[in-house]
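Below: one structure, written as structure tokens.
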Amino acid sequence: METRILDVPVILPDYYEDCERCMMRLKDALEELEGVSSVQIGAKGLNISLTYDANTISMEKIEDRVRQLGVEVAERYVHDSLHLEGLDCPDCAAKLEKAVGRMNGVLWSSVNYATSKLSVEYEQEKIEREAIADRVRNLGYTVTETVPSGAETPVQKSAWLNRRVITTAASGVFLVAAIIASYLRAPAFVTIPLYAVSIISGGFYAARAGILSLKAFSMDTNLLITLAVVGAIYLHEYGEAAGVIFLFSLGSALEAFTIDRTRRSIRGLIGLSPKEASVIRDGKEAKNRVEDIKVGETVIVRPGERIPLDGVVERGVSSVDESAITGESVPREKSTGLPVYAGTINQRGSMEIRVTKLVGDDTLSRVIHLVEEAQEQKAPSQQFSEKFGRVYTPIVVGLAVVIALYALIDTNPELFRRSLVLLVVACPCALVISTPVAIVSAIGNAAKNGILIKGGAYLEEMGRVSVVAFDKTGTLTTGQLEVTDIIALDSDRNEVLKIAASIESRSEHPLAESILKKASEEKIELYDLAFFEALPGIGARGVMDSQVCHIGNQRLLEQLKIPVPEPGTVEKIRREGKTSMFVVSEGKVIGIIAAADTIRESSRDSIAALRNEGIAKTIMLTGDNTITAHAVAERLGIDDIEAELLPEEKVDQIRKLVSRYGKVAMIGDGINDAPALAAATVGIAMGGAGSHAALETADLALMADDLGMLPYGIRLSRSSLRVIKQNIGFSVFVVVGLVAMTLAGSLSLTLGIIGHEGSALLVIANGMRLLRQRV
């Protein structure tokens, strides 16, 4: 038996790669192949490790089957999202989720009240999208749009919310009129119709939703409130019935309004991309819809305009406000060859930009999709709240029914009234909404500040992290070498740099770029090379002005049989984590050039800020040599290092840290460090705006190459945990208190609905505070 990792990744659309069910289908199908004994599929299908009998099945056949399966899964299983209106309570979401999930052909459904979105997976051979939408409409909700996953979601004004406000206002007006009429001792034929109109106008939506719930063999707050109002009317308590339904309608409208603000906080990002752009075609400039622009075409963006699509600057110099993507408030300078992103603002100077991504595939669209997807995922605390609600609600409703039946038999109006109050407080709406509104608010806040959090679970885990591990190159450092020292030994300093740059002008080595940059900065004119030869692993040789010159490392000197000059200086450079290059002319060392990877300006302050946030340990995991790693760690104040690590050794180190400390975050470039990111409790990618791979790989992505946002991300996550605990604790206290007061007979219908709706509004308001938390 052999174990191999396939070179061929699963070919699936992006939005299938996050589906564990699709990955399991692929796994099961591969394990059914004769000769295959076990299969493991990595995150997003990026790699497949399998054990198979090479005598029974060939690797080529397995790879062909993987390609076929990717196509088959994408054709058979559909992942869709339906955006809803009229979803006015958390338990309505649970009812709708259950009703859709029972449809033949629907494999999975999830409704998120905070985002008002139904996510569904179904077999298109068994059921059509429109049938699911019809089911939703039949349950009393409006489908404002139906879009495949990954597509853009236009912002729409809620007509349902406007209607709800109007009916609530009408209910309040007639209720006040009825109360005034009663105070003035008007006859019953005047007051009762006023109460009736108040009840009908305020209770229309609740009654309709309640009846539809009954048809669906389900119960929600609307049904329970409707039954309570009918019971109050049965007791001839018309004022109580009108007051309850008005307060419920008012509370629902306020909830819908506040939640709608939270929803719009992210969906408003969509308006950042312009609908039209100026495109150069056949040498002429013309306005075209963004959807019609193709990759490779050139668009013109003038000062003050938003960049329509991702691209690369072909002509022009400007500064661009990228805060919508990266959270960076300081504009970035842009010139030829530099990337730009859709939705960002060109501040000065016209630019011609070559388009590199189509609409819908650009960075802004992907960020919006990933954030909406993240807001839909259920965090562990949310799952607890929903489980509590599923147990609590039937128990309290059952108790209310028993009390009501006993009261009817015993003709006890007071006991019957208590059963009605129990119905009012039976749905723990505050508890169910306590977590999702906090999660949605925090993820929205993070996205606006350049931190992409891929789900509520990662938000919560980030708040519990005690250890942060860093990759070095590209994370703590920029990954770009910079000349730090030029030491002339037997020549002029400028001559040392001139000879070195002249040779390196023909080289493709990373060190060459740093030397040429230095020569350009100092305006050094280069020699004309008569001859160039790369010496792999040791340096390069060049001939100029009849001089034979070399540049290279210590092994070059060994090959040329030249002793190392200034051993003390060379050792000092090495201890500082720098790379030494020796410049040789006519067999004699004339100078030493030292270069080092540039440390990010924000790294040291970020490490200190993490310590202030309570992070117990910081550690660097790098493949670089120990001396360089120690030098960087010492400058940044990092607690510990592990150097000269292979990728699999980084994974081992992460596992040891998790075993010892519990929750560990790993931050790297999102590509090379993918195994270590996956092994950590939370994987964080740097520079998500510049890399789609980084967006897809990690649990969190810092959209700008700025470590300074990491402490804020941890602070926001910890604030979220505190808010969630506050909301859950408060909600449970209110739920228990309302039931206890009801059973004790000290709670009226009106006070019950005030407690029910008021607690929900309070936890929503508390959760929405996370939208306003500052960096």
**Study point:** Between 0 and 90°, nearest 10: helix 159-183 axis offset from the chain longest Cα axis
**Key:** 40
Check your understanding: Among 230, 303, 363, which residue has its Cα positioned farthest towards the positive end of the charge dipole of the chain, with +1 placed on the Cβ of Lys and Arg, -1 on the Cβ of Asp and Glu, and the dipole taken about the Cα centre?
Key -> 230
Point to revise | Exposure rank, largest accessible area first [411, 168, 750; 1.4 Å] | key: 411, 750, 168
Exercise for review: Towards the positive end of the charge dipole of the range 363-496, with charges on Cβ (+1 Lys, Arg; -1 Asp, Glu), say which of 404, 468, 488 has the farthest Cα.
Suggested key: 404
Practice item. Compute the acute angle (0 to 90°) between the alpha-carbon long axis of helix 238-267 and the principal axis of greatest extent of the alpha-carbon atoms of the chain; round to the nearest 10°. Key: 10
Exercise for review: Using only Cα atoms, find the angle between the long axis of helix 429-448 and the longest principal axis of the chain, and express it within 0 to 90 degrees, rounded to the nearest 10.
Suggested key: 30
Exercise for review: May I ask you to compute the full-extension gain from residue 20 to residue 726, defined as 0.36 nm times their residue separation minus their alpha-carbon distance, rounded to one decimal in nm?
Suggested key: 251.0 nm
Study note, to complete from the structure: Per residue, accessible area of the range 378-524 with a 1.4 Å probe, heavy atoms of protein chains only, in Å², comes to 39
**Study point:** Among 327, 341, 437 the positive-end extreme of the charge dipole of the range 314-453 (Cβ point charges)
**Key:** 437
Exercise for review: Summarise the long-distance tail of P(r) for the range 56-139 by giving the % of C-alpha pairs beyond 21 Å.
Suggested key: 40
Review point. Roughly how many debye, to the nearest 20, is the charge dipole of the chain about its Cα centre, given +1 on each Lys and Arg Cβ, -1 on each Asp and Glu Cβ, and no other charges?
Key: 3060
Review point. What is the dipole size for the range 330-465, taken about its Cα centre, with +1 at each Lys and Arg Cβ and -1 at each Asp and Glu Cβ, in debye to the nearest 20?
Key: 300
Practice item. Under 12 Å Cα to Cα from residue 287, which aspartates and glutamates show up? Leave out anything in the same chain fewer than 8 places away. Key: 276
**Study point:** Equivalent-ellipsoid semi-axes of the range 497-539, from the Cα gyration tensor, Å, largest first
**Key:** 17, 13, 6
**Study point:** Reciprocal mean inverse distance between Cα atoms of the range 535-663 - Kirkwood radius, Å
**Key:** 17.5
Exercise for review: Using the Karplus curve 6.51 cos²θ - 1.76 cosθ + 1.60 with θ = phi - 60°, work out ³J(HN,Hα) for each residue of the range 698-703 in order, rounded to whole Hz, and write x for Gly and Pro.
Suggested key: 8, 7, 10, 9, 8, 5
Check your understanding: Given a 1.4 Å probe and every protein chain left where it sits, what share in percent of the accessible area of the chain is carbon and sulfur?
Key -> 55
Check your understanding: What longest range of the chain stays clear of loop-exposed trypsin sites (Lys or Arg not before Pro) (DSSP non-H/G/I/E/B, at most 15 other C-beta within 10 angstrom)?
Key -> 562-773
Review point. When the Karplus curve 6.51 cos²θ - 1.76 cosθ + 1.60 is applied with θ = phi - 60°, which whole-Hz ³J(HN,Hα) does each residue of the range 399-409 get, with x for Gly and Pro?
Key: 5, 5, 5, 4, 4, 5, 5, 4, 5, 5, 5
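The values are calculated or read from the model by the stated rules, or taken from the named source; none is laboratory data. Small disclaimer: the values here were computed from a predicted structure and weren't measured. Ideal geometry is used to build each Cβ from the backbone, glycine not excepted, and the neighbour counts take in all protein chains shown. The area values use the complete protein model at the heavy-atom level, side chains included, leaving out ligands, DNA and RNA. Shrake-Rupley method; radii C 1.70, N 1.55, O 1.52, S 1.80 Å.
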